[in-house]
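These notes concern the structure reproduced below.
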Amino acid sequence: MTSIVIPAHNEARVIGRLLDSLLADSSEDEDETDIVVVCNGCTDDTARIATARGPRVRVVEIPVPSKHAALRAGDDHAHGFPRVYVDADVVITGADVRALTEPLHDDASGVLATAPERQIPLDACAWRVRAYYQVWQRLPAVREGLFGRGVIAVSKAGHARIAALPPLMADDLAASLAFAPQERLVVGAARVVVHPPRTWPDLIKRRIRAAVSTAQVERHQSPEEASARTSKADLTGLLRREPKLFMGVVVFVAAAVVARRRAGKAIRAQDFGTWLRDESSRQT
């Protein structure tokens, strides 16, 4: 049985679209997929909306607004493996989940963790946000890593690897870096819709959060361990291949500089608990 764990903190606006997508084409496998929504510290209708999707969805409520605590609570209530962790604000279908978990059934493959290809709809975004993501999506670490997709699936052995990680804000980045390249796989046959921030201020919120959480992850790593940071070589290589992206690279660098400056105070104070959330990506 595949278990899907969905941590959700005040996601009433978007939890329905995710659950509807997961349930729409899953009738033939309804006894093989276990969906657990963990409402953590919710003060809205997230639990009610999830419960209304019927018996296929089990809702667990915990009082503390913590994604890490929600993931652990989900593990406590989940029934099987492979296990798929899905952010409440993305959209993925039951068919994509099946494609995602297929490589994890083959022990001989050595694959312990998978993630889907991203689909990022940019039409409703400000031009600087579009320019940023046109560069971001092309970066090697972004293309090859499991982070930034809102979905990670693991085998039982892969779960043991990530369960040993400390509580970190960038749980998906830490999970991605926990696996060697040959142990992780981006599954081309699976797609997830990741809704981006629509405005520049909301993009900066995300990038500040990313800068703070990356710093936290690196504090738990030794210097020789893998990193997902973007290098100057990554950007210059991208410009050599696609010179038309020059303005996008300028926007990307500007966002990075602003985010790192604003993240500095939190990093110095070791504030790794303040979650800067953009609401524009949750507009339906």
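Evaluate the following for Gly158: is it buried (at least 22 other Cβ atoms within 10 Å of the Cβ), within 19 Å of Leu203 (Cβ to Cβ) and of a type in the set (Gly, Ala, Ser)? Answer is no for this residue.
For region 1-90, give me every one of the strands (runs of 3 or more DSSP E) that falls completely inside it and has 2 or more residues that are buried (at least 23 other Cβ atoms within 10 Å of the Cβ), hydrophobic (A, V, I, L, M, F, W, C) and without any contact (Cβ under 8 Å) to a residue 40 or more places away in the chain. Full working, then the answer.
Details: elements: 2-8, 33-40, 57-62, 83-86.
Counting at least 2 such residues, we get 33-40.
Looking at this structure, is Ala69 out of contact with any Ser or Thr (no Cβ under 7 Å at 6 or more places or on another chain) and under 17 Å from Ala190 (Cα atoms)? No; evaluated as a whole, the condition is false for this residue.
Candidates Leu112, Leu139, Leu146: the one that is in contact with an Asp or Glu (Cβ under 8 Å, 6 or more places away or on another chain), in contact (Cβ under 8 Å) with a residue 24 or more places away in the chain, buried (at least 20 other Cβ atoms within 10 Å of the Cβ) and within 30 Å of Lys244 (Cβ to Cβ) is Leu146.
When region 175-184 is filtered for residues that are over 15 Å from Thr214 (Cβ atoms), open to solvent by 30 Å² or more (accessible area, probe 1.4 Å) and within 17 Å of the chain's Cα centre (by Cα), only Arg184 remains.
Taking region 116-136 as the range and being crowded, with 21+ Cβ neighbours inside 10 Å, among the hydrophobic types (A, V, I, L, M, F, W, C) and not in a helix (DSSP H, G or I) as the test, only Cys125 passes.
Could you identify the single residue in Gly188, Gly158 that is at pLDDT 90 or above, part of a helix (DSSP H, G or I) and either farther than 28 Å from Leu18 by Cα or out of contact with any Ser or Thr (no Cβ under 6 Å at 6 or more places or on another chain) (or both)? Spell out how you get there, then give the answer.
Working: Gly188 fails: part of a helix (DSSP H, G or I).
After applying the criteria, what remains is Gly158.
Provide a single number: the residues in region 149-175 that are closer than 22 Å to Ile267 by Cα and of a type outside the set (Asp, Glu). Walk me through it before giving the result.
Here is the first cut: in region 149-175, the residues closer than 22 Å to Ile267 by Cα are 165-175.
Within this subset, residues satisfying the condition of being of a type outside the set (Asp, Glu) are 165-170, 173-175.
Counting residues in region 149-175 that are closer than 22 Å to Ile267 by Cα and of a type outside the set (Asp, Glu) gives 9.
Quick one: in region 161-174, of everything that is in contact with a Phe, Trp or Tyr (Cβ under 6 Å, 6 or more places away or on another chain) and part of a helix (DSSP H, G or I), which residue is most open to solvent (accessible area, probe 1.4 Å)? Ranking the candidates gives Asp172 first. Considering (1) among the basic types (Lys, Arg); (2) open to solvent by 30 Å² or more (accessible area, probe 1.4 Å); (3) modelled with pLDDT under 95, the lone condition that Lys244 does not fulfil carries the number (3). Only a single item in (1) within 25 Å of Gly74 (Cβ to Cβ); (2) out of contact with any Asp or Glu (no Cβ under 7 Å at 6 or more places or on another chain); (3) open to solvent by 30 Å² or more (accessible area, probe 1.4 Å) is not met by Asp234, and it is number (1).
The values are calculated or read from the model by the stated rules, or taken from the named source; none is laboratory data. This one's a predicted model, so the numbers in the text were calculated from it and none came from an experiment. Don't worry about glycine lacking a Cβ; one is built from the backbone with ideal geometry, like all the others, and counts go over all protein chains shown. Heavy atoms of the whole protein, side chains included, go into the accessibility calculation; ligands, DNA and RNA do not. Shrake-Rupley method; radii C 1.70, N 1.55, O 1.52, S 1.80 Å.
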